[in-house]
Structures are given as C-alpha cells and as structure tokens.
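Accompanying notes for the structure given below.
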There are 2 protein chains.
Amino acid sequence: MSTEARLELGPSSLTDALYESVRKRIVNGEIPQGEKLTEVRLATEYNVARPTAKAALERLTALGLLRRTAHKTAVVPVLDQAEIRDLFFSRMTIEKAAVSALAATGEVPVDAARAQVAIEYAARDRLFENQVEADIAFHTALVAAVGSRRLSRMHELIIGEVHLTMGQYQAHRKAAPTTVAEEHAAILKAIEDGNPDAAADHLAYHLEQAQGRLLTTLQQASDEVVAQ
Amino acid sequence: MSTEARLELGPSSLTDALYESVRKRIVNGEIPQGEKLTEVRLATEYNVARPTAKAALERLTALGLLRRTAHKTAVVPVLDQAEIRDLFFSRMTIEKAAVSALAATGEVPVDAARAQVAIEYAARDRLFENQVEADIAFHTALVAAVGSRRLSRMHELIIGEVHLTMGQYQAHRKAAPTTVAEEHAAILKAIEDGNPDAAADHLAYHLEQAQGRLLTTLQQASDEVVAQ
DNA sequence: TCGTGCACTCTTGTCTGACAATCTAAGGAC
DNA sequence: GTCCTTAGATTGTCAGACAAGAGTGCACGA
C-alpha cells in the first residue's frame with residue numbers, strides 16, 4: 001500500500017470516492033487477504049478525516065469486502081471452502097430467479113450481451129483483471145435486467161465477495177475463457193428461447209463449474225503454502 | 001414523537017441502541033409513513049451527538065426503513081403497489097429457497113414452531129403488534145434455520161420493509177389469524193415430510209395471499225383518503 | 001522454566017464545535 | 001400567475017479530544 005493516494009473526484013461524495021477506491025484495491029488483490037485496515041491508516045493515506053474513513057470502512061463491511069467486529073480492526077476476509085459454498089448457494093438463489101424471470105419475457109439484456117463481448121476481448125488479450133471485471137458485469141447485468149430494485153440490492157450484497165474471491169485468486173487461476181463464454185452463451189440462448197427452466201439449469205451448471213474452479217485454485221493455493 | 005426519549009442500555013453500542021429504538025418506532029407505525037427524520041432532531045431527542053444519529057439513520061436506510069439521498073432528509077418510505085410487488089417477489093425468491101433447503105433435510109426449525117405458537121396467542125388476545133412481530137419471527141426463523149449467513153443477510157435486507165408495511169397498515173388490517181396459522185402449518189408440514197416442491201408451493205401460496213391482503217388494505221387506505 | 005496477571009498501547013466509539021456545500025422554501029419582481 | 005433570487009435548514013466533512021475495549025508484552029511468582 002503506497003503511503004500516498006489520490007482520490008478521483010468523480011463521485012459527488014468524498015466517502016463515495018474513498019469507498020470506491022478501496023473497493024477496487026481489495027477486489028483486484030492489491031490489498032491482500034488478511035490485511036488489516038485501520039481507520040487512521042486509511043485516513044492518513046488518503047488525507048481525509050477519520051470519520052470519513054470510518055464511513056467507507058463500514059460500507060465495505062456491509063458488502064462483505066471487510067470483516068469488522070466492535071472495537072476491532074477491519075480485515076480483508078479469507079473465505080474458506082465452507083464460505084465459498086455458502087456464497088455460491090446464495091448467489092445461485094438470486095441469479096436463478098433472475099434468469100428465470102428474464103426467460104419468461106424472452107428478452108436478452110443488452111448489457112449482458114455487451115459484457116459477454118468484453119469477456120472475449122479480455123480473454124484474447126490475457127487481461128485477467130478485465131476478464132473478472134466483465135464476468136461480474138455479465139452476471140450483474142442479468143440481475144439488473146429483471147428490474148427489481150430489491151433483487152439487485154441483494155445481489156449487490158454478495159457479488160462483492162464473489163469479485164473479491166475471484167480477484168484474490170486471479171494469479172493462480174487457470175483461465176478457461178472459452179468455457180466461461182460458452183456457458184454464458186447457453187444461458188442467454190435459453191433466455192432468448194423463453195425457457196425459464198433451461199435458463200435456470202444452465203445458470204446452475206455454470207455457477208457449479210465456477211465454484212468448482214474456485215475451490216480447486218483455493219486448494220492449490222493452500223497446498224503451495226504447505227509446500228513452502 | 002415525544003420530545004424526550006430514553007435508550008435501553010442493553011446493546012453494547014449507543015448507535016445500536018438508537019438504531020433499535022427508532023427501528024421499533026418505525027415498524028409499529030409510531031413514526032408514520034412520510035415522516036421526516038433529520039439528524040439533529042434524532043440527536044436532540046435522544047440526547048446523542050449528531051454523528052451517532054447519522055450512523056443510526058444510515059443503518060435504517062440500508063435496511064429500507066428510511067429513504068435518503070445525498071443532502072436530503074431521511075423519510076419513512078411510502079411503498080406503492082409496484083414496490084410491494086417487488087418486495088414480495090424478492091422475498092419469495094429467498095424464502096422459497098429457504099423452505100426447499102429445509103425440506104431437503106426434513107427438520108422443522110424449532111424457532112419457527114415457537115413463533116407459530118406465539119402467533120396463535122397474539123391472535124387470541126387481539127394483540128396485533130405482537131402478531132406482526134411473531135409473523136416476522138416465523139419467516140426469519142425459517143431462513144435462519146438454513147444456516148446460510150448470506151441468505152439470512154439478504155433476507156434481513158428486505159424483511160424490514162415487510163415489517164414496516166405490515167406495521168404501518170396494522171390499524172386497517174382485517175386480521176385473519178387462523179388463515180395465516182393454517183398456511184404456516186402447511187409449510188411446516190411439507191418441510192417435515194421432506195417435500196421441497198410442496199414446501200415451496202405452500203410458501204408461494206402463503207406469500208401471494210399475504211401480498212393480496214396487503215394490497216387490499218393499501219387500496220382501502222387510499223380510498224379513505226380520497227373520501228375525506 | 002513456565003504460567004499468570006498487570007500495565008501499557010493501539011484502536012475504536014462517541015462527543016463537541018465548526019465550516020462549507022447543498023437543498024428547500026419563502027418572498028419579491030415581472 | 002410564474003419565475004427568480006435569497007435566506008434558512010440540513011447534510012457532508014473536518015479537527016481535536018476523551019473514554020472504553022482489545023491486544024501485547026513484561027515482570028513477577030510458582
């Protein structure tokens with residue numbers, strides 16, 4: 001972590017900017033798992049007041065990107081196998097409902113199709129970070145297209161952790177971009193065909209595969225630590 | 001709203017206590033829909049600092065019990081028909097997944113059974129507030145029993161609004177306690193029988209009925225306003 | 001030598017007071 | 001009557017401070 005940092009002034013609120021900056025650094029692995037983030041550290045690094053840093057930390061905590069208990073320092077969480085399973089179970093619940101609803105209308109969300117293209121480009125250029133980014137965007141677009149504010153908010157509550165996990169294990173990840181793209185395409189196809197059950201099934205398969213890939217890399221990562 | 005208020009010192013944090021106190025007052029209708037809650041008002045009423053009040057307001061906002069945009073005063077939201085439908089669609093998604101998972105194990109959650117009893121007592125004694133409270137507890141217990149931290153967190157994200165809506169229309173509500181109890185019993189029965197599909201179906205029916213009851217009372221309430 | 005307990009430090013929770021930026025609403029000009 | 005300006009209200013952010021809880025290491029005793 002560099003001793004100085006500059007905030008983009010895009011977002012209206014200073015807290016927003018700080019939140020967004022730290023969020024990115026966590027999900028792309030720049031701030032590694034297990035790292036502690038104190039309020040004063042964040043405040044001094046970004047040159048903001050402690051309450052502002054506190055607010056940003058609380059928001060990150062709410063989205064699962066940090067863990068924090070009373071009077072204790074916030075920590076970037078390390079998700080174990082059980083938690084990854086729980087994460088994907090929850091994710092499955094939301095996204096299944098989303099694709100089913102979309103298939104009922106038969107309309108393929110344009111943002112999802114766009115993200116699908118972005119994934120292919122990123123994969124071709126070996127830009128892993130962009131690939132993860134686009135993958136998250138794809139799934140987020142699917143949920144958003146349903147038009148349910150609350151479904152999206154619930155999804156937002158867990159997708160951060162998905163992003164975190166994928167980002168943290170990025171280096172270890174055996175990229176299988178074509179596989180991912182094919183699985184995504186199958187989901188979109190089922191939506192276009194207006195087949196809710198098929199859409200849900202394809203999505204379930206895709207997420208199971210994704211979970212499996214993550215658990216494998218997680219296992220490999222822990223093996224490497226043991227081997228040292 | 002009284003000009004003075006006392007906080008119970010149960011919760012460790014002052015913010016927690018404030019949050020909990022205001023939460024109760026919102027969901028039971030003491031603070032009506034559309035009411036504005038400024039930071040200073042809350043701070044002076046409870047005799048706490050503005051930052052503390054701010055934190056409590058932010059938490060309430062996160063759970064949908066207040067609406068707040070930048071630089072604007074927090075307001076107790078008024079849910080229209082479309083939002084109630086969205087709310088129940090989201091709720092359905094979570095709770096269906098929950099009862100299906102429970103039925104797969106075949107174990108009836110004790111807390112849910114306990115809440116079921118509480119509903120009956122409250123209904124018999126005409127304690128509407130307790131009845132609502134116990135109903136929320138029943139559904140929360142179902143989700144909690146799955147043991148998925150993230151599913152529970154997502155549920156928490158929307159159940160507050162359900163509570164709010166039920167509480168706010170409490171006065172208008174035509175109580176149908178036996179009906180509710182029977183619908184709940186059917187869900188528990190299906191779980192006990194280990195039948196996930198039946199459990200999901202009974203839950204879906206129950207929530208559709210509940211939504212219908214709410215929309216009806218909502219309609220009646222708006223009619224009354226027009227008639228004035 | 002090892003374990004227990006105390007003190008110290010770090011960090012967070014909360015407070016007071018303040019200023020700037022923004023939103024709301026009231027009042028005046030046309 | 002409508003639009004614009006201006007004043008008040010409200011929130012965002014800041015600085016500095018103190019108390020309370022959590023963690024750590026050292027000293028002391030067994």
Close pairs from the stretch B:98-116: first open to solvent by less than 40 Å² (accessible area, probe 1.4 Å), partner of a type in the set (D, E, K, R), Cβ under 8 Å, at least 6 apart
B:S100/B:D197; B:A103/B:D193; B:G106/B:E192; B:G106/B:D193; B:A115/B:D135
Which ones in the stretch B:27-59 are under 22 Å from B:H71 (Cβ atoms), part of a helix (DSSP H, G or I) and of a type in the set (A, V, I, L, M)?
B:V40, B:L42, B:A43, B:A53, B:A55, B:A56, B:L57
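From B:A56, B:A74, B:A43, which residue is open to solvent by less than 70 Å² (accessible area, probe 1.4 Å) and more than 10 Å from DNA strand D (Cβ to nearest atom)?
From the options B:A56, B:A74, B:A43, the qualifying one is B:A56.
Give the number of residues within the stretch B:112-163 that are charged (D, E, K, R) and within 14 Å of another protein chain (Cβ to nearest Cβ). Give the derivation first.
Of the residues in the stretch B:112-163, the ones charged (D, E, K, R) are B:114, B:120, B:124-126, B:129, B:133, B:135, B:149-150, B:153, B:156, B:161.
Still in the list and also within 14 Å of another protein chain (Cβ to nearest Cβ): B:149-150, B:153, B:156, B:161.
Within the stretch B:112-163, residues that are charged (D, E, K, R) and within 14 Å of another protein chain (Cβ to nearest Cβ) number 5.
Only residues that are touching a Pro at 6+ places or on another chain (Cβ under 8 Å) and more than 9 Å from DNA strand C (Cβ to nearest atom): list them for the stretch B:27-61, please.
Within the stretch B:27-61, B:Q33 is the sole residue that qualifies.
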Please tell me if B:L65 is open to solvent by less than 10 Å² (accessible area, probe 1.4 Å) and in the same structural domain as B:N28 (by TED's automatic domain parsing).
yes
All positions within the stretch A:103-125 that are over 19 Å from the mean Cα position of the chain (by Cα) and either assigned to a loop (DSSP other than H, G, I, E, B) or β-branched (V, I, T) (or both):
A:T105, A:G106, A:E107, A:V108, A:P109, A:V110, A:D125
Is it the case that B:R149 is in the same structural domain as B:I31 (by TED's automatic domain parsing) and free of Cβ contacts under 8 Å to residues at least 12 places away in the same chain?
no
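Taking the condition open to solvent by 60 Å² or more (accessible area, probe 1.4 Å) and in a helix (DSSP H, G or I), does B:E183 pass? Talk me through it step by step, then tell me what you get.
Working: open to solvent by 60 Å² or more (accessible area, probe 1.4 Å): no; in a helix (DSSP H, G or I): yes.
Against the criterion (open to solvent by 60 Å² or more (accessible area, probe 1.4 Å) and in a helix (DSSP H, G or I)), B:E183 does not qualify.
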Can you go through B:R91, B:R6, B:R23 and tell me which one is open to solvent by 30 Å² or more (accessible area, probe 1.4 Å), part of a helix (DSSP H, G or I) and either away from DNA strand D (no atom under 15 Å from the Cβ) or at pLDDT 90 or above (or both)?
B:R23
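Mind listing whichever residues of the stretch A:34-61 are of a type outside the set (K, R), within 14 Å of chain B (Cβ to nearest Cβ) and without any contact (Cβ under 8 Å) to a residue 40 or more places away in the chain?
Just the residues of the stretch A:34-61 that are of a type outside the set (K, R), to begin with: A:34-35, A:37-40, A:42-49, A:51-53, A:55-58, A:60-61.
Okay, now just the ones that are also within 14 Å of chain B (Cβ to nearest Cβ), so A:39, A:49, A:51-53, A:55-58, A:60-61.
Across the stretch A:34-61, the qualifying residues are A:E39, A:A49, A:P51, A:T52, A:A53, A:L57, A:E58, A:T61.
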Residues to consider are A:G194, A:G212; find the one that is modelled with pLDDT of 90 or more, assigned to a loop (DSSP other than H, G, I, E, B), within 30 Å of B:E95 (Cα to Cα) and open to solvent by less than 40 Å² (accessible area, probe 1.4 Å).
A:G194
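The values are calculated or read from the model by the stated rules, or taken from the named source; none is laboratory data. Predicted model only: the values in this text are computed from it and were never measured. Glycine also receives a Cβ, built like all others from the backbone with ideal geometry; neighbour counts cover every protein chain displayed. We work out accessible area using only protein heavy atoms, side chains counted, and drop any ligands, DNA or RNA first. Shrake-Rupley method; radii C 1.70, N 1.55, O 1.52, S 1.80 Å.
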